[in-house]
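So the structure is just underneath, and the comments pick up after that.
The values are calculated or read from the model by the stated rules, or taken from the named source; none is laboratory data. Because the structure is predicted, anything quoted here is derived from the model rather than measured. Don't worry about glycine lacking a Cβ; one is built from the backbone with ideal geometry, like all the others, and counts go over all protein chains shown.
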């Protein structure tokens, strides 16, 4: 299962941690994992190349299939549309494939970066 923890500061998402493989199909054939991965890569690309937010950081561990994206220090007026689009899309995948993707909402002070 892919688990995505979205961290909130008040009502605004400010970070996420994604871990694991969805297990929908064999590696290389897994459309659920591919969809989640594409959205996470789009979020990373959006922060680095489109928004160019100086307050953004990330880490990727391919061995453990873990990605951390942190935009707590990014101005919300620059990031809101990007974040709402991607997080909303991830929630939709989790709704359609609940056995394979789970979204957790976590207060920022409880997030494990």
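You will find that of 18, 65, 38, the residue that is in contact with a helix residue (DSSP H, G or I) (Cβ under 8 Å, 6 or more places away or on another chain) and within 17 Å of residue 100 (Cβ to Cβ) is 18 and no other. Residues in the stretch 103-113 that are outside any helix (DSSP H, G or I) and farther than 15 Å from residue 40 by Cβ: 104, 105, 106, 107, 111, 112, 113. For residue 20, the conditions (1) touching a residue at least 12 places away in the same chain (Cβ under 8 Å); (2) at negative phi all hold with the exception of (2).
Of all residues in the stretch 62-113, those satisfying the criterion of being more than 14 Å from the chain's Cα centre (by Cα) and under 18 Å from residue 1 (Cα atoms) are 62, 63, 64, 95, 96, 97, 98, 99, 100.
On the stretch given as the stretch 25-44, residues that are more than 12 Å from the chain's Cα centre (by Cα) and either part of a loop (DSSP other than H, G, I, E, B) or surrounded by fewer than 20 Cβ atoms within 10 Å (Cβ to Cβ) (or both) total 8. Screening the candidates 59, 89 for the property of being in contact with a strand residue (DSSP E or B) (Cβ under 6 Å, 6 or more places away or on another chain) and closer than 26 Å to residue 22 by Cα yields one hit, 59. Under the condition of being over 14 Å from residue 14 (Cα atoms) and surrounded by 12 or more Cβ atoms within 10 Å (Cβ to Cβ), the residues counted in the stretch 51-76 number 5. On the stretch given as the stretch 51-60, residues that are outside any loop (DSSP other than H, G, I, E, B) and either more than 18 Å from residue 90 (Cβ to Cβ) or in contact with a helix residue (DSSP H, G or I) (Cβ under 7 Å, 6 or more places away or on another chain) (or both) total 4. Identify all residues within the stretch 13-24 that are part of a loop (DSSP other than H, G, I, E, B) and either modelled with pLDDT of 95 or more or in contact with a strand residue (DSSP E or B) (Cβ under 7 Å, 6 or more places away or on another chain) (or both); write none if there are none. Within the stretch 13-24, 20, 21, 22, 24 qualify.
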